[in-house]
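Engineer: Before anything else, here's the structure in question.
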Amino acid sequence: MSEALEILRKIDEVTLSGSDDADRLNQLDEIYKLTVKRAECDIRWYQVRKTRYRKLSRAIRLLTFTLLFVGTLTPLGLLGEQVFGMASEKFGYIILAAAGLLYSCDKTFLLSKGWMRYLATEMEIKELILAYRYDWKIIRIELERITSADKKAVAEIAALKSFKAFILAVHELVGKETQTWAEDFKTAVAAMGKRLKAKEEQFEKKIADTERQERAGALLVSVRADNMQSNEIKVSVDSKIEEIIPAHEESCAFIGLEPGLHKVEASMKIQGKRVIIATDIVKIPPGEKISLKMQAKATTGDLKSSKQA
């Protein structure tokens, strides 16, 4: 940056003074050289950043591939049952996680994408300089051939405007590259934020599930009916969770129930229709297992007796 400011200061010091055409042309030559030198400062800046980012990117990618290779082989036991005092499977997962972290760093900090973007901008500036070298030769030849003082003054102004247009074109390339970097970085940060939020939600869900499992209770339901030998009984909790008590058995179990009050219903098919034969309300304490014994209120025999009456 200091070099660029020094070049601009030197450009300001050059004035098209004097009546000698050769001196004025030499002054324009000096402005041209300083203008090109200012553009070359941007090239050197990109070359330094490009080299740094390229080395970092290649090192990270090589290390990532190495970790992926080792992390894939380790759980298979190819490196032994234990690695550095821990189980090979656990060590393999740690290595794969490290590879994923390195890959995320490359994506978030735009290392691989950055050095390629720097290379592209560097090449575009070099093309501008090359094209302007030829343009300046054409302008210089025209200035040497003009004999009229008025026409020469107009040509000198046009030459100065061409310097301005050239350096503005270089700055436009730099500005586009910077804008692209800002947009890419914003996208990368947003993507990282989404990943972190997803991980946070996943972690919170895991904690909630663990707490729910620790607080959940269990219920053992026994149902007695005269004709259980020939009919299976369906038991439901809160009309959502259902279990079947097969014929010749008397009980079923519900696990993972939320603490609190629950409605328990037992039903069975009687003459082709499902009839509720027992209902009860039970309270499940946190983390405890309780038993509930239910007696059928209506059986096949009761239903036939009521119809005959």
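Engineer: Mind putting a number on the dipole of the chain about its Cα centre? Charges go on the C-beta only, +1 for Lys and Arg and -1 for Asp and Glu, and I need it in Debye to the nearest 20. Please list the in-between numbers first.
Structural biologist: Working: 50 positive and 44 negative charges, 118 e Å.
The dipole magnitude comes to about 560 debye.
Engineer: When the Karplus curve 6.51 cos²θ - 1.76 cosθ + 1.60 is applied with θ = phi - 60°, which whole-Hz ³J(HN,Hα) does each residue of region 126-133 get, with x for Gly and Pro?
Structural biologist: These are the phi-based 3J(HN,Hα) values: 4, 5, 4, 4, 4, 5, 6, 4 Hz.
Engineer: When we measure straight from the Cα of residue 151, which lysines land under 16 angstrom away, once same-chain ones fewer than 8 places off are left out?
Structural biologist: 161
Engineer: Mind listing the phi-derived Karplus ³J(HN,Hα) values for region 98-105, rounded to whole Hz, using 6.51, -1.76 and 1.60 with θ = phi - 60°, and x for any glycine or proline?
Structural biologist: Ordered by residue, 3J(HN,Hα) equals 5, 4, x, 5, 5, 4, 5, 4 Hz.
Engineer: For the chain, with a Gaussian network of springs between Cα atoms less than 10 Å apart, report the residue from 123, 192, 294 with the top mean-square fluctuation.
Structural biologist: Ranking 123, 192, 294 by mean-square fluctuation puts 294 first.
Engineer: Among the lysines, which fall within straight-line cross-link reach of residue 90, defined as a Cα-Cα distance under 28 Å, with same-chain neighbours fewer than 8 residues apart omitted?
Structural biologist: Filter leaves 107, 194, 197, 199, 205, 206.
Engineer: Please list the non-local residues whose amide H lies under 5 Å from the amide H of residue 294, H modeled 1.01 Å from N, same-chain partners needing a gap of 5 or more.
Structural biologist: Sorted by chain and number, the residues that satisfy this are 222, 223, 224.
Engineer: With θ set to phi - 60° and the Karplus curve 6.51 cos²θ - 1.76 cosθ + 1.60, what are the ³J(HN,Hα) couplings of region 58-64 in order, to the nearest whole Hz, using x for Gly and Pro?
Structural biologist: Here the 3J(HN,Hα) series is 5, 5, 5, 5, 5, 5, 5 Hz.
Engineer: Something else now. Residue 232's amide H: which non-local residues (gap 5+, or another chain) put their own amide H closer than 5 Å, with H modeled 1.01 Å from N in plane and none for Pro or chain starts?
Structural biologist: Long-range HN contacts for residue 232: 247.
Engineer: Something else: Quick one: if you take sqrt(5λ) for each eigenvalue of the C-alpha gyration tensor of region 105-176, what semi-axes come out, biggest first, whole angstrom?
Structural biologist: Working: eigenvalues 306, 26, 3 Å².
Semi-axes from the Cα gyration tensor: 39, 11, 4 Å.
Engineer: Compute the convex hull volume of the Cα atoms of the chain, divide it by the residue count, and report the result per residue in Å³ as a whole number.
Structural biologist: That works out to 288 Å³ per residue.
Engineer: Taking the Cα centroid of region 1-52 and of region 244-288, what is the distance between the two, rounded to the nearest whole Å?
Structural biologist: 90
Engineer: For region 237-296, which trypsin sites (Lys or Arg not before Pro) are in a loop by DSSP, counting at most 13 other Cβ atoms within 10 Å? Display every interim value, and only then the final one.
Structural biologist: Working: sites: 240, 263, 269, 273, 274, 283, 289, 293; in loops: 240.
Here the sparse-neighbourhood loop sites are 240.
Engineer: May I ask which of 113/186; 33/126; 263/293; 33/176; 37/137 have a Cα-Cα span longer than 23 Å here?
Structural biologist: Values: 113/186 14 Å; 33/126 15 Å; 263/293 14 Å; 33/176 25 Å; 37/137 17 Å.
Over 23 Å Cα-Cα: 33/176.
Engineer: Right, here's the next one. Distance between Cα centroids, region 190-228 to region 82-157: provide it in whole Å.
Structural biologist: Cα centres, region 190-228 to region 82-157: 52 Å.
Where a number appears in this text, it was derived from the coordinates with a stated rule and is not lab data. These numbers come from a predicted model, not from an experiment. Counting neighbours? That spans all protein chains shown, and the Cβs are built from the backbone with ideal geometry, glycine included.
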